[in-house]
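The values are calculated or read from the model by the stated rules, or taken from the named source; none is laboratory data. These figures come from a predicted structure and were not determined experimentally. In this analysis, Cβ positions are derived from the backbone assuming ideal geometry, glycine residues included, and neighbour counts consider all displayed protein chains.
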Amino acid sequence: MSTPASFFLHPLDHAQGRAEKPFKHTFFQSHRLLIGLNTLLPGQEQHLHEHADQDKCYVVLAGVGAFQVGETVQTCAAGDLILAPAGVPHGVVNTGADMLTFLTIIAPFA
């Protein structure tokens, strides 16, 4: 069981860049849900992929990136919510000059 202090988080406190590959940090994981933080340095990407039985959403916290869901590519920035239903290809490229930081939420997470 988590401690009460771990129920309240400031995700950007955990953000860090990693030159060799994108950074990931998991805040919560159960068989029902995964909530994590991803950071991409300029030019880094999360390649197009899909989850057959899992819905996913991204919440952009900082930076700018080109998010793709299905055939649609859109530039997104802090405050944007991106939805990727199960079975739909999705990915992201940091197209900005600064680190791109976003929450990733996946359900169910088996």
(message) Quick check on the range 53-70. Is at least one of its residues β-branched (V, I, T) and touching an Asp or Glu at 6+ places or on another chain (Cβ under 7 Å)?
(response) yes
(message) Looking at the range 83-101 only, could you name the residues that are surrounded by fewer than 19 Cβ atoms within 10 Å (Cβ to Cβ) and over 17 Å from A15 (Cβ atoms)?
(response) L83, P85, A86, G87, V88, P89, G91, T95
(message) When the residues of the range 36-58 are narrowed to those that are assigned to a strand (DSSP E or B) and either acidic (D, E) or out of contact with any Pro (no Cβ under 9 Å at 6 or more places or on another chain) (or both), which ends up surrounded by the most Cβ atoms within 10 Å (Cβ to Cβ)?
(response) Y58
(request) Please work out if F109 is among the aromatic types (F, W, Y) and part of a strand (DSSP E or B). (result) no
(message) Show the residue pairs meeting these rules: Cβ distance below 8 Å; 6+ apart or different chains; first residue within the range 5-34 and more than 24 Å from P108 (Cβ to Cβ); second residue exposed (fewer than 13 other Cβ atoms within 10 Å of the Cβ).
(response) F23/Q16
(request) Kindly check whether there is at least one residue in the range 66-75 that is touching a Pro at 6+ places or on another chain (Cβ under 7 Å) and either closer than 16 Å to K21 by Cα or surrounded by fewer than 14 Cβ atoms within 10 Å (Cβ to Cβ) (or both). (result) yes
(message) So, in the range 59-73, how many residues would count as being in a strand (DSSP E or B) and free of Cβ contacts under 8 Å to residues at least 24 places away in the same chain?
(response) 3
(message) Within the range 1-59, take every residue that is of a type in the set (D, E) and more than 21 Å from T95 (Cβ to Cβ) and give me the one that is farthest from the chain's Cα centre (by Cα).
(response) D53
(message) Step by step: first the residues of the range 1-35, then only those that are of a type in the set (S, T, N, Q) and in a loop (DSSP other than H, G, I, E, B), then the one that is modelled with the highest pLDDT. Which residue is that?
(response) Q16
(request) Could you list, in sequence order, all residues of the range 74-101 that are farther than 16 Å from D55 by Cβ and in a strand (DSSP E or B)? (result) Q74, T75, C76, A77, V92, V93, N94, L100, T101
(request) Could you tell me whether any residue of the range 102-110 is touching a residue at least 40 places away in the same chain (Cβ under 8 Å), over 23 Å from H10 (Cβ atoms) and loosely packed, with under 12 Cβ neighbours inside 10 Å? (result) yes
